[in-house]
Amino acid sequence: MLRRSAPEEPEWYRTATRSIALAELQAQTDSRQQVLAQQQAYEAQQQAAMQAAAAQQANQARAQQQAQHQAWLQQQQYTAHYVTSQAQANPTPRPTLRTWLLSGIVAVISLFMLLAFALYYGLAFGIVLTLVSLLAALIPLTLVVPIFLWLDRFEAEPWRYLVTAFLYGALGATGMAIFGNTFGGVVLGEIFGAENADVLTAVISAPLVEETTKGVFLLVMWALMHRKFNGLTDGIVYAGIVAAGFAFTENIQYFAGAFREMGAGGFGFTFVLRGLVTPFLHPMFTTMTGIGVGLAAVSRSVPVKIVAPIVGWCAAVLLHGLWNLSASTGGVGLIIGLAVGFFAFCGFVYFVIWTRKREGRVIGQHLMAYVDTGWISGDEVGMLASMKSRRAARRWAKFHGGPHGLASMRSFQDCASELALLRFRQLSHVAEPKSLERERVLLDSMTARRREFVGAV
């Protein structure tokens, strides 16, 4: 029996099937678009809610800052009849028993180290040659030290700290560097051969050891004397003074050694090169570390406090090593090193000038808060923010008030600088716990000194 073939699908069936498939596909597409639209709407709502919360937090923080500022203004308000109950004759140095004890310890250690160096140099070069080299090494100091004291005029560091920095560089850092370089030279000689020990010691060991021993003092100052370590300028000043002391002692050895090896001609060449042409080399190197520690001292960021001194130290070691490499490769290398060093020195001088101007701007900026409360006038801020105006004010005070007027004006200016930098630390959240008490002492002292040099008392 023959089977009948299946009938063909009618056209109306195929059309209906396609319509149903298209309808289902359209429904699926519409569903996906609807879900996507819902997701986008939800994300937009979440983002708007987050922005509203952030704006609310910012408004609350701004309102809290304004309330704190208003409370500070009310607390600090000054009147002409204010009684300066906490005024001090000279509140900036504030020597304490701990300071005197530390000074005694520094003096004893320095005396011991001085005797040790005198014995060492006396036995190695003789007394006469050592004394002549010492006198020659004093000449570069007359070029280097005044630059850093000039930079330190806005907020002068206590002399005891500067003297300690110089003694540490001249005796402590140099003594440790002698042992460190000797040990490093032995190790490098064992690894790379005795014939390469001198060059490798100069290029590798000396920069590492010397910049480390000099930089330790900056870290100690930052850790123990943070009230006097106010940032970039102080880092540069202390670094320069430590390096000047280090170069002083090192020059004695280089001058005497050159005379022993090459006679008077070698002595003269070494003196001209180290004492007159490149007296700022060690300060330039160590200033890199000082910049890093200075930036860390005023930063709120923990990573910056850790990384900045390390980066500064690495820059000091690198520059020191490159200079020693150029000096160790003969006349051509020395000429290239001197040429590069000249441009580096120009940059160094520009940076020092910029740093001093920056400190004046910082002092003027942070003293303006006290203009609003009546403690000082805007004209006084202008005088205190310019070293030229400060000198003119001291001349005026001396002319009208004699030595007593000059002393009062100088103390007034020192207190103002300390006050501005204290305010800077307060805003940077790195001020000491008793900063408000210290602020009132400085304000009272400034008021008392002003009344003295204007003849109101």
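Straightening the chain between Leu149 and Asp198 buys 14.1 nm, computed as 0.36 nm per residue apart minus the Cα-Cα spacing. Restricting the trypsin sites (Lys or Arg not before Pro) of region 366-457 to loop positions (DSSP other than H, G, I, E, B) with no more than 11 neighbouring Cβ atoms within 10 Å leaves Lys434. The calculated FRET efficiency for the pair Ile191 and Ile335, based on their C-beta separation and a Förster distance of 41 Å, comes to about 0.85.
Could you please report the charge total around His366, scoring K, R as +1 and D, E as -1 over all other residues with beta-carbon less than 13 angstrom from its beta-carbon? Kindly include the intermediate steps, with their values, before the conclusion.
Values: positive: Arg358, Arg361, Arg423, Arg425; negative: Glu155, Glu359, Asp372, Glu418, Glu439.
Result for the local shell: -1.
The calculated FRET efficiency for Val307 paired with Ala49, based on their beta-carbon distance and R0 = 41 Å, is about 0.65. In whole angstrom, how far apart do the alpha carbon centroids of region 206-228 and region 232-266 sit? The two parts, judged by their Cα centres, are 18 Å apart. Each principal axis of the Cα cloud of region 339-393 was taken in turn, and the coordinate range along them, longest first, works out to 53, 22, 8 Å. Report the Cα centroid-to-centroid distance between region 109-130 and region 332-354 in angstrom, as an integer. What the calculation gives is 33 Å, centre to centre. In whole Hz, with x marking every Gly and Pro, tabulate ³J(HN,Hα) for region 192-198 from phi via Karplus 6.51 cos²θ - 1.76 cosθ + 1.60, θ = phi - 60°. After applying 6.51 cos²θ - 1.76 cosθ + 1.60, I find 10, x, 5, 5, 9, 5, 5 Hz. Basic side chains Lys and Arg get +1 at the Cβ, acidic Asp and Glu get -1 at the Cβ, and with that the dipole of region 365-453 about its Cα centre reaches some 420 debye. Considering all C-alpha pairs of region 365-453, those separated by over 20 Å amount to 33%. Among the listed pairs Lys398/Lys434; Lys214/Lys398; Lys305/Lys357; Lys305/Lys398, those whose Cα-Cα separation exceeds 32 Å are Lys398/Lys434; Lys214/Lys398; Lys305/Lys398.
The calculated P(r) of region 97-328, using every Cα pair and 10 Å bins from 0, goes 8, 31, 37, 19, 5, 0 in percent. Residue separation of Ala118 and Ala58 scaled by 0.36 nm, minus their Cα-Cα distance, works out to 15.1 nm of gained length.
Coordinate-derived values only; no laboratory data. What you are looking at is a predicted structure, and each value in this text was computed from that prediction instead of being measured. We place every Cβ from the backbone using ideal geometry, glycine too, and count neighbours over all the protein chains shown.
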